[in-house]
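What follows is one structure encoded as C-alpha cells, with my remarks underneath.
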Amino acid sequence: MARTSPARNPVAAKKATRTAPDTTRGPRRRTVRLRILAALVACAAAVGGVVAYRTADGDGGERPVTVDEASRLALSRLNLFQASPVTVALTAAEGGDITVRVEGVVDYRTRRGVGRYQVTGASGPLDHGLVVWDAGGLGLAPEPAGVAGPAWEQAERVPRQGWSPRAYTADPLDAGLQLVVELGADRPDNPLLLAQSGARRLGGERLDGRDYDRFAGPRAQGAAADGGRSPLTYWVDGDGTLRRVTMRMPGLGTPTAVEFSGQDGSAKLPEAPWLTG
C-alpha cells in the first residue's frame with residue numbers, strides 16, 4: 001500500500017482519477033427478533049450436532065460467541081438499515097502523521113453517504129471539503145461559499161460538474177468509506193454461520209452510559225480455520241444496535257474507526273453526485 005508523505009494531501013491528490021436504532025419499531029420489536037434468532041440458532045446447533053459456542057461465564061476474556069451474542073450480532077446490520085439515514089463519523093490514518101475524518105450521514109436503503117472531510121497532519125489542518133460516496137466510488141468537492149448547514153444541504157448546492165468522482169482505491173480512507181456503505185443490510189445475518197465462521201466476543205465496554213459487547217467479526221469466506229482473527233471489530237449493545245466498527249489496515253498501527261450516533265430523520269441525500277455516467 002502506497003503511503004502518503006506529510007507534504008501532500010491524500011484526498012486532494014486523488015481528485016483527478018475516475019472512473020439509532022429503528023426509532024419507529026422500538027426495543028420491544030427488536031427483543032422479539034432477538035428471541036426468534038436465538039431460538040433458531042439453538043435448534044440448528046442441536047439438530048446438526050455443532051457446538052459452536054458455549055454459555056458465557058463472566059467477562060473472562062476472548063471466547064466464542066454465545067447463542068444470544070450471535071443473534072445480536074446477526075441483527076446489527078438490519079437494525080442499522082432500518083434506522084437510516086444515520087449519522088456517521090469515520091476516522092482514517094493515512095500514514096505519515098496524516099489523518100482524514102469524515103462526518104456525515106448514510107442511507108442504507110440507497111447505499112449512499114454524504115459528509116464533510118478534514119485532512120490534518122502533524123502541523124495542523126491541511127484541507128477540507130465535501131465527500132459523497134456509494135457502493136461504486138466517491139466524489140469530492142469544495143464546500144460552496146456562503147452556504148451554511150449540514151453537509152447534505154451543502155452538497156445539494158454543488159453542480160454536477162463541481163464534483164471530482166473516482167473509483168475506490170486500497171487507501172485507508174477509501175477502504176473505510178467502502179466499509180461504511182456495506183455495513184447495513186435489509187435482512188439479518190445467519191447467526192449460526194457467524195459463529196461457525198469465527199465470530200468471537202472480545203470483552204465489554206461502556207460508552208456514554210450504555211453497555212456494549214465487542215465482537216471480532218467472522219473471518220472472510222475461504223479463510224483457513226486457523227487464519228487468525230477478523231480485522232473487523234464490532235461494538236453491539238443488548239438490542240443489537242451497532243455503535244462502532246474498527247478495521248485494522250495492513251502496515252498501520254491505528255485502525256480505521258467508524259462511529260454511529262443514531263438516526264437523522266431530517267437528512268436528504270442529494271442525487272446529483274452519483275450521476276457521474
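Here are a few things to note about the model shown:
- Amide H contacts under 5 Å for ASP171, placed H, 5+ residues apart: none
- Karplus-derived HN-Hα couplings along the stretch 186-197 (A = 6.51, B = -1.76, C = 1.60, θ = phi - 60°), whole Hz, x at Gly and Pro: 7, 7, x, 6, 7, x, 5, 5, 4, 5, 5, 8
- Packing-based ranking of 209-215, 133-139, 121-127 yields 133-139, 209-215, 121-127, ordered from highest to lowest mean Cβ neighbour count within 10 Å.
- Long-range amide H partners of ARG112 with built H, under 5 Å: ASP107
Throughout, read-outs are computed from the coordinates displayed, never taken from laboratory work. The structure presented is a predicted model; accordingly, all values stated were derived computationally and were not measured. Methodologically, a virtual Cβ is constructed for each residue, glycine included, from the backbone with ideal geometry; neighbour enumeration extends over all protein chains shown.
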